[in-house]
1. Would you check if residue 51 is modelled with pLDDT of 80 or more and exposed (fewer than 11 other Cβ atoms within 10 Å of the Cβ)?
2. Only residues that are of a type in the set (Val, Ile, Thr) and surrounded by fewer than 16 Cβ atoms within 10 Å (Cβ to Cβ): list them for the stretch 1-19, please.
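The values are calculated or read from the model by the stated rules, or taken from the named source; none is laboratory data. Nothing here was measured: the structure is a model prediction, and the numbers come from that model. FYI the Cβ positions are ideal-geometry reconstructions off the backbone, even for glycines, and counts take in every protein chain you see.
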Amino acid sequence: MKLIIAIVNRDDANAVTQNLSKNGFSSTRLSTTGGFLLAGNVTLLIGVQDDQVQAVIDLIHHSSHSRKQLVPALTEMSYGFMPVMPVEVTVGGATVFVLDVERFERL
């Protein structure tokens, strides 16, 4: 058995969870924050059999997309932070971890 931990952008989270559910996979959804922009993310916990890992990763991949976003760059001045020209960064997509599960019980 494996535990898949998928961190997806908040904008893609509903599509990912719906796609997983339609294909028979249950997930636990946690609201999280992090990354370069300290943006809202969703962390999904998905328990699957070893032979189902690639199917789940494919579903996540098809439902989460990278996109470009302009964010203001900040520069520190003697009296505080001052915004300068916006910088284009890539956001979205998913980060996926696959862990071995030593023991699983449904209580």
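1. Spelling it out, residue 51 is indeed modelled with pLDDT of 80 or more and exposed (fewer than 11 other Cβ atoms within 10 Å of the Cβ).
2. 5
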